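See structure below.
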Amino acid sequence: LIKFDQKEKSTLLGNRKDYWDYFCDCLAKVKGANDGIRFVKSITELRTSLGKGRAFLRYSLVHQRLADTLQQCFMNTKVTSDWYYARSPFLNPKMSSDIVGQLYELTDVQFDLAS
């Protein structure tokens, strides 16, 4: 779902950007929401954007922050519309609200995922 209708982006060196970079763009200036980003950046074994994105999702699930994180990103419509095409459910207020609502139900589930 996070990759659905995502715009293709790449770095100056040609490396493909992924949803990790989207999270970084959205959450860089949000106090308290960038703990997961700092954690993932501290893992030196992670080299690709996709690997960092997966680690960030695991961190968010373990710390029961995935719904909050995505809600913060969806509220940043400027960055979200820069990263996603118009068909993305993230740009549809009703659909993004439903997604966040469903993710909040996951906060009752305890995840034990390796970082």
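Annotations
- Computed helical MRE - 222 nm, the chain, DSSP H runs ≥ 4 contributing -39500 (n - 2.57), nearest 500: -15500 deg cm²/dmol
- Sites listed here are chymotrypsin sites (Phe, Trp or Tyr not before Pro) in the range 65-105 whose DSSP assignment is loop and whose Cβ has at most 15 other Cβ atoms within 10 Å: Y85.
- Counting Lys and Arg as +1 and Asp and Glu as -1 over every other residue whose Cβ lies under 14 Å from the Cβ of L50, the net charge comes to +4.
- Dipole in debye (nearest 20) - the chain, about Cα centre, beta carbon charges: Lys, Arg +1; Asp, Glu -1: 420
- Accessible surface area normalised per residue over the chain is 62 Å², counting heavy atoms of protein chains with a 1.4 Å rolling probe.
- By the beta carbon rule, with partners counted only under 4.7 Å, the chain holds these lone Cys residues: C24.
- Gyration tensor verdict on the range 5-49 (Cα atoms; rounded if a/c is under 1.5, prolate if a/b is larger than b/c, oblate otherwise): oblate
- The chain - Kirkwood radius from inverse mean 1/r over Cα pairs (Å): 14.5
The values are calculated or read from the model by the stated rules, or taken from the named source; none is laboratory data. Everything quoted here is computed from the prediction, not taken from an experiment. Glycine also receives a Cβ, built like all others from the backbone with ideal geometry; neighbour counts cover every protein chain displayed. With ligands, DNA and RNA removed, areas are computed over all heavy atoms of the protein, side chains included. Shrake-Rupley method; radii C 1.70, N 1.55, O 1.52, S 1.80 Å.
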